[in-house]
Amino acid sequence: MKGYLKLRRIVLTKLENGLPKHLTYHNIDHVLDVLDVCNQYIKRNKIKGDDAFLLRIGAIVHDMGFLETNINHEEVGADMAAEIMASLNMEPKHIDIVRGLILATKIPQNPQTELQKIICDSDLDYLGRNDYPEISSRLFLEFKATNVIKTDLDWKNLQISFLTKHYFHTPFAKRYRSPKKQNWLKKIHENHI
């Protein structure tokens, strides 16, 4: 897809230089992790052509709104992404698909299309992986810095609530991520992490 590499360079540079330092979770590492997981889905599900590129673009831009705000960042990010895509002469229908991908990641997730399901599961893939404790500790630091939580108990309750309400959307994540996520939830209940 024409313009993908240029968009990738523009957005990653903006994120690298512009994201506030207190965002220890919503940072470039998270964006690259989501992109990596999307690439795994692309390979596993044999996603081709524009769909593959649009999913990659969605992964790269999905948290761009954090450059400006952490409140309704998805809407802000969708507008920012649309502007960049338009400046690269990308098709309006492709811009609409990417906007939909970004907005689908808003919590609580409610993806409507296959690509939206994949980006949602990619965004929260870590919930069912071995690196959950390490990644969630970065979110803990970010939430403390942004006053989302004040105490360790706030954090524990937030994690329990979030993991209990969350569910995966793709067959892969349901099969390979849900069991591990349930295991983490049990450990949090038992104060083991």
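The values are calculated or read from the model by the stated rules, or taken from the named source; none is laboratory data. Quantities reported herein were computed from a predicted structural model and do not represent experimental measurements. Ideal geometry is used to build each Cβ from the backbone, glycine not excepted, and the neighbour counts take in all protein chains shown. Ligands, DNA and RNA are stripped out before the accessible areas are found, and what is left, the full protein with its side chains, is counted by its heavy atoms. Shrake-Rupley method; radii C 1.70, N 1.55, O 1.52, S 1.80 Å.
Taken along the Cα-to-beta-carbon direction at a fixed 7 Å, the label points for Asn72 and Thr146 span 1.6 nm. Quick check: the angle from helix 4-18's long axis to the longest principal axis of the chain, C-alpha only, nearest 10 degrees? Relative to the chain, helix 4-18 is tipped by roughly 50 degrees. Per-residue ellipticity at 222 nm computed for the chain from its helices equals -21000 deg cm²/dmol, with DSSP H segments shorter than 4 residues left out and the rest contributing -39,500 (n - 2.57). With the convex hull drawn over the C-alpha atoms of the range 51-108, the volume per residue is 69 Å³. For the chain, the longest principal axis of the alpha carbon atoms and the long axis of helix 73-87 meet at an angle near 20°. Taking a 24 Å limit on the Cα-Cα distance, which of the listed pairs Lys106/Lys181; Lys144/Lys187; Lys48/Lys93; Lys117/Lys156 fall beyond it? Correct reply: Lys117/Lys156. Within the shell of other residues whose beta carbon sits under 13 angstrom from the beta carbon of Ile149, the net charge comes to 0, with Lys and Arg scored +1 and Asp and Glu -1.
On the protein heavy atoms, probe 1.4 angstrom, tell me the percent of accessible surface of the range 46-193 carried by carbon and sulfur.
Its accessible area is 54 percent carbon and sulfur atoms.
Surface analysis of the chain yields an accessible area of 52 Å² per residue, using protein heavy atoms and a 1.4 Å probe.
Compute the helix-to-body angle for 28-44: its Cα long axis versus the longest principal axis of the chain, expressed 0 to 90° and rounded to tens. Rounded to the nearest ten degrees, it is 70.
Converting phi to 3J(HN,Hα) with the Karplus coefficients 6.51, -1.76 and 1.60 and the offset θ = phi - 60°, the range 104-113 yields 5, 7, 5, 8, x, 5, 9, x, 9, 10 Hz in sequence order, with x at every glycine or proline. In summary, the convex hull built on the alpha carbon positions of the range 1-111 has an orientation-averaged projected area of 6.6 nm². Quarter the surface of the alpha carbon convex hull of the chain and you get the mean projected area, 10.2 square nanometres.
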